[in-house]
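Only the coordinates and a few stated rules stand behind these numbers; no lab work does. Just so you know, these numbers come straight off a predicted model, no measurement behind them. Reconstructed Cβ throughout: ideal geometry from the backbone, glycine too, with neighbour counts over all protein chains shown.
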Amino acid sequence: NENFMSKRIIAVLPGDGIGEEVTAEAVRVIEKLNAATDAGFECVHVPVGGTAYDLHGTPLPEDTLSTARDANAILLGAVGGPKWESAPRELRPERALLGLRSELSLFSNLRPAILYPELADASTLKPEVVSGLDIMIVRELTGGIYFGGPRGIETVDGQRRGFNTMEYTESEIKRIAHSAFRAAMQRDKRLCSVDKANVLEVSELWREVVTKISSEYPQVELSHMYVDNACMQLVRAPKQFDVILTTNMFGDILSDAASMLTGSIGMLPSASLNADGKGMYEPVHGSAPDIAGQGIANPLATILSVAMMLRYTFTENAMADKIEAAVQRVLANGLRTADLAREGETPVTTSEMGQAVLDEL
Ligand code: ATP
Ligand code: MG
């Protein structure tokens, strides 16, 4: 392996609640790769979220941030929980996520929505509409209306007025477009850019810049769609999409809608990348305080996040394929954690599910 000599450090931030339980299984998968190949991944564990707040009085200690900054990739479990709800706003566990995103410029949020055939009955759509579904939403994460200014609530002539600003610079659009085209190159090479260019100037610029960038990726087929139509198409015929590229707000909405097509939140991984391909990888779900500490959480979203890490930070596509195939076989073998089990099925525990993936690997 030509990468043998290069250091490959993974900062592991388990966080709170089931974050610790699911991350432990994902780390076992990384260790298995180390044992079976000369992959040479090195995991460095550091606290984050409420756990870090309890230890160091802040959800994102300096040591955690610098470890994350120095690492090639970050694996994050989940943060938050009722225990810290009364903490001061700026010290809440969730603040650590915003801190990591902005400190590391993680502007590109990749959210796949994959329906495993074995879970077809968990989808909200008919099997023929969703079977084989495999789409990827690339959402801009550090700009747009969530960050633009001016913003606020003011009183004008005795009437209150709320306002926000949707803005994107050419360079912000360029870098997220490159990220999406690169993702498309790793997949089916079809990219649909979603905007509202018939109404919004910011979308007009978005469309123009994305079109210009597309000339650098001649193998990728680019199309454009208005966001209202994209919502409709997503629930009408989601399989028409490969990669969807969109803004912060549109991506927020579209990716939640897409996640429901796939059944359980316990299956969905995500990546947040910066310009160097460094990424933070985490399950879409949260710390699930209601089931924390019981050893019953589904670790597959986090294990699939490791597969994304291998694909997008380490370009170890073959290893990523192996993990995804192992997950698929485990499901095909009928293993179900509690979130996936149907009536009459006996669920397996978090570590039993993790072990089953290791065995398939
Ligand atoms: P957050 O604000 O961090 O998103 P939340 O409470 O809104 O937290 P989750 O923590 O994702 O959302 O939990 C939502 C529901 O899904 C809970 O009932 C939880 O038990 C369940 N859930 C979430 N993740 C998993 C998982 N990996 N395995 C099983 N059930 C899960
Ligand atoms: Mg939530």
Quarter of Cα convex hull surface for the stretch 227-267, i.e. mean projection, nm²: 3.0 nm²
Candidates Thr349, Thr37, Thr23, ranked by Gaussian network fluctuation over the chain, Cα under 10 Å, top entry: Thr37
The chain, relative contact order in percent, only Cα pairs under 8 angstrom and at least six apart counted: 21 percent
Translational diffusion of the stretch 317-361, µm² s⁻¹ [Kirkwood Rh, Cα pairs; Stokes-Einstein; 25 °C; 0.890 mPa s]: 226 µm²/s
Coordinate range along principal axes, alpha carbons of the stretch 32-79, Å, largest first: 40, 19, 14
Inverse of mean 1/r across different Cα pairs in the stretch 244-361, Kirkwood, Å: 15.3 Å
Calculated P(r) of the stretch 91-152 - Cα pairs past 20 Å, %: 52 percent
Semi-axis lengths (Å, descending) of the ellipsoid that matches the C-alpha gyration tensor of the chain: 31, 26, 22
GNM result for the chain, Cα springs below 10 Å: residue of Ser131, Ser305, Ser272 fluctuating most strongly: Ser131
The stretch 118-188, relative contact order in percent, only Cα pairs under 8 angstrom and at least six apart counted: 24 percent
The chain: most fluctuating residue of Arg329, Arg161, Arg111 per GNM, C-alpha cutoff 10 Å: Arg161
Local electrostatic count, Thr349, Cβ distance below 13 Å [Lys/Arg +1, Asp/Glu -1]: -3
Binned Cα-Cα distances of the stretch 103-218, short to long, each 10 Å bin given as a whole percent: 12, 31, 28, 20, 7, 2
Whole-angstrom Cα spans of the stretch 21-117 along principal axes, big to small: 45, 35, 27
Over the stretch 147-212, equivalent-ellipsoid semi-axes from the Cα gyration tensor in Å: 33, 12, 10
